Amino acid sequence: MSHVSHARPVVTVLDLQRMAGAGERIVMVTAYDAITARIADAAGVDVLLVGDSVGNVCLGFESTLPVTMAMMAHHLEAVVRSRPRALLVVDLPFLSYHLGVEDTLRNAGGLVQKGAQAVKLEGGARRVPVIRALVEAEIPVMGHLGLTPQSVNAMGGYKVQGREAAAAVGLLEDALRIQDAGCCSVVLEGIPAELAERITRELTIPTIGIGAGAACRGQVLVFHDILGLVPGRHPKFVRTYLDGFETLREGLGRWGEDVRAGRFPGPQESYMLPEAAREQVTAWKPTTQV
Ligand code: KIV
């Protein structure tokens, strides 16, 4: 059997636990296609998430709810083709794990067969049966608690969760329940930093935060947010490291100017005829047709 060899060893789910234990912060970012995966992998991230945020970021939906299994599979396959060394986690989209254990296993198993190394699903105690079944089928599961985007209608919008005592305690309990069910780690999204810190202390599995303060064992952000590819206002928890939108717009704009001014393509971007062929082509005259 042959294995892909990487300059650095590949990251596995077991490494997440090891890294957290050693106090190393886990770096996770979304990737939706071969090029975003290649860039993220070259930047040395530990975990690539083929997130259902592909719906908002790449497909123009207003939420993640319209994202289907077919869409996730399509984007996962593109990421897999880049052969990342990072651990590859894929989101189970809305309705792919809500209709029963068998359906969930078929959906998650299909994504694993396409190259995912773990699946992520949203929700707490009520997801315990499907988490158990997935773990039983040797499919590592990453949980996702707090501001879970697939619950946007139930939450009445994208709002920070766990601000009231009862809700905060509920999230702590949910975190323990999904850990007991076998999750290998959990994303904490849009919750107060102190609550995320408490959950992180209570759990033995690593927490990965997004809008959940600095105490989590790792952090995740959307690729396009970090690189400033989405114009307009960002949520408070996003830090942008590049004005990617403007940089790309400017590059394309310069190319357009070169095309319009006849400066593109130049000799260096053109294929030339060999000398002998050029002479013949120059000397060629059309024969008169009778
Ligand atoms: O789909 C996604 O991008 C996510 C993360 C931001 C955690 O679930």
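The values are calculated or read from the model by the stated rules, or taken from the named source; none is laboratory data. In this text the structure is predicted, and so the values were computed from the model without any measurement. Cβ placement follows ideal geometry from the backbone for every residue including glycine, while neighbour counts extend to all protein chains displayed.
Which residue is nearest to Val112 (Cα to Cα), if the candidates are limited to region 42-97 and must be within 10 Å of the ligand (Cβ to nearest atom) and either at pLDDT below 95 or acidic (Asp, Glu) (or both)?
Among them, the one singled out is Asp91.
Which condition breaks for Leu121 when tested against (1) farther than 24 Å from Pro206 by Cα; (2) in contact (Cβ under 8 Å) with a residue 24 or more places away in the chain; (3) hydrophobic (A, V, I, L, M, F, W, C)?
(1)
Please tell me if Gly228 is more than 14 Å from Met28 (Cα to Cα) and touching a His at 6+ places or on another chain (Cβ under 8 Å).
No; evaluated as a whole, the condition is false for this residue.
Considering only region 132-168, state which residues are of a type in the set (Val, Ile, Thr) and in contact (Cβ under 8 Å) with a residue 60 or more places away in the chain.
Hit for region 132-168 is Val152, nothing else.
Output the qualifying pairs, or none if there are none: Cβ atoms under 6 angstrom, residues six or more apart or on different chains, first residue in region 47-61 and surrounded by fewer than 24 Cβ atoms within 10 Å (Cβ to Cβ), second residue modelled with pLDDT of 95 or more and assigned to a helix (DSSP H, G or I).
Within 6 Å, the pairs are Val57/His224; Phe61/Gly55.
Checking Val67 against (1) buried (at least 24 other Cβ atoms within 10 Å of the Cβ); (2) in contact (Cβ under 8 Å) with a residue 40 or more places away in the chain; (3) out of contact with any Leu (no Cβ under 7 Å at 6 or more places or on another chain); (4) hydrophobic (A, V, I, L, M, F, W, C), only one condition comes out false. Which one?
Answer for Val67: the failing condition is (2).
Leu16 - would you say it is in a helix (DSSP H, G or I) and within 16 Å of the ligand (Cβ to nearest atom)?
Here the answer is yes, as Leu16 does meet what is asked.
Just the residues that are over 13 Å from Val186 (Cβ atoms), surrounded by 11 or more Cβ atoms within 10 Å (Cβ to Cβ) and either within 16 Å of the ligand (Cβ to nearest atom) or among the charged types (D, E, K, R) (or both), please, taken from region 133-161.
Of everything in region 133-161, those that are over 13 Å from Val186 (Cβ atoms), surrounded by 11 or more Cβ atoms within 10 Å (Cβ to Cβ) and either within 16 Å of the ligand (Cβ to nearest atom) or among the charged types (D, E, K, R) (or both) turn out to be Glu136, Leu147, Pro149, Gln150, Ser151, Val152, Met155, Tyr158, Val160, Gln161.
Hey, among Gly109, Gly115, which residue is in contact with an Asp or Glu (Cβ under 8 Å, 6 or more places away or on another chain) and surrounded by fewer than 19 Cβ atoms within 10 Å (Cβ to Cβ)?
Gly115
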